[in-house]
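Written out below as structure tokens is the structure these notes cover.
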Amino acid sequence: MGRLLQISMLAYVTMLLSSCGIVEGIFKAGMWTGFLIVGAVIALVIWIIVKIAGGGKR
């Protein structure tokens with residue numbers, strides 16, 4: 001049941017981050033800020049996918 005909750009939360013966060021308002025705010029803040037925010041979001045998504053897939057287990 002925990003995996004279903006994780007997938008649901010990932011889908012929910014993905015829907016929230018696809019807002020045009022966020023993109024507009026990034027462009028108003030500046031190019032480098034946008035790069036940092038986009039890079040952080042991509043790193044977070046990759047980390048979540050790795051955790052869901054069980055990549056951290058030894």
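Cβ-Cβ distances below 6 Å connect the following pairs, each with a first residue in the range 28-48 that is more than 19 Å from Ile7 (Cβ to Cβ), a second residue that is of a type in the set (A, V, I, L, M), and a separation of six or more residues or different chains: Gly34/Ile26; Ile37/Ile26. Residues that are loosely packed, with under 10 Cβ neighbours inside 10 Å and either charged (D, E, K, R) or modelled with pLDDT of 75 or more (or both) within the range 13-48 comprise Lys28, Met31, Trp32, listed in sequence order.
The values are calculated or read from the model by the stated rules, or taken from the named source; none is laboratory data. Owing to the predicted nature of the structure, the values given are computational and were not obtained by experimental measurement. Heads up, the Cβs are rebuilt from the backbone with ideal geometry, glycines too, and the neighbour counts pull from every protein chain shown.
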